[in-house]
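K.L.:
The structure follows.
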């Protein structure tokens, strides 16, 4: 990216009616670069786009939340991320494709630190 000084010089020369080739020669820039800045009017930084992606765990989140809710009531010892992951692999061998770290991240967000 060019400095704002160079961009300003391009814009001033453009306003004076100079062609892109003349501006490129005068400022010792590539004419494609000059043409790009001649066509651009907004130089404010672009905001990053936030992309919401679905997770492989999405179909199983209600099941995990149910298990977490039932654990204290059922008298089971502390429910661990490892046991949740193992249970998902056992009960949904054909459909569950998630990783241990994905399960761990979700459980930590949903129920605090559970190991």
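Throughout, read-outs are computed from the coordinates displayed, never taken from laboratory work. Only a predicted model underlies this, so the values are computations on that prediction, with no experimental measurement involved. Note: ideal-geometry Cβ built from the backbone for every residue, glycine included; neighbour counts use all protein chains shown.
K.L.:
Where does helix 61-74 land angle-wise versus the long Cα axis of the chain, in degrees 0 to 90, nearest 10?
P.N.:
For helix 61-74, the angle is close to 30 degrees.
K.L.:
May I pose another question? Hey, in the GNM for the chain with a 10 angstrom Cα cutoff, which one of 29, 68, 79 fluctuates hardest?
P.N.:
Looking only at 29, 68, 79, the largest GNM fluctuation is found for 29.
K.L.:
Another question, if that's okay. What is the Rg over Rh value, at two decimals, for the stretch 58-111, using alpha-carbon atoms and the Kirkwood definition of Rh?
P.N.:
Value, to two decimals: 0.93.
K.L.:
Go ahead and estimate [θ] at 222 nm for the chain from helices alone: -39,500 (n - 2.57) per DSSP H run with n ≥ 4, summed, over the residue count, rounded to 500. Walk me through the intermediate numbers first.
P.N.:
Working: 6 runs with 66 residues, N = 115.
-17500 deg cm²/dmol, from helical runs alone.
K.L.:
For residue 39 and residue 92, what does the FRET efficiency come to when R0 = 41 Å and r is the distance between their Cβ atoms, rounded to the nearest 0.05?
P.N.:
The pair residue 39/residue 92 has a calculated efficiency of 0.15.
K.L.:
Helix 4-15 versus the longest principal axis of the chain: what is the Cα-based angle in degrees, 0 to 90, to the nearest 10?
P.N.:
So the helix axis and the longest Cα principal axis differ by about 50 degrees.
K.L.:
Further, regarding this structure: How tilted is helix 81-91 with respect to the longest principal axis of the chain? Cα atoms for both, answer in degrees (0 to 90, nearest 10).
P.N.:
That helix lies at roughly 80 degrees to the long axis.
K.L.:
Additional query: Quickly work out the residue 7-to-residue 63 label distance, labels modelled 7 Å from Cα along the C-beta direction, and quote it in nm with one decimal.
P.N.:
5.2 nm
K.L.:
Taking every pair of distinct Cα atoms and averaging 1/r, then inverting, what Kirkwood hydrodynamic radius in Å comes out for the chain? Don't skip to the answer; put the middle values down first.
P.N.:
Numbers: mean 1/r = 0.0523 Å⁻¹.
It is 19.1 Å.
K.L.:
Please report, for the Cα atoms of the stretch 17-60, the Rg to one decimal and the Dmax as a whole number; what are they, in angstrom?
P.N.:
Cα-based Rg and Dmax for the stretch 17-60 come out at 20.7, 63 Å.
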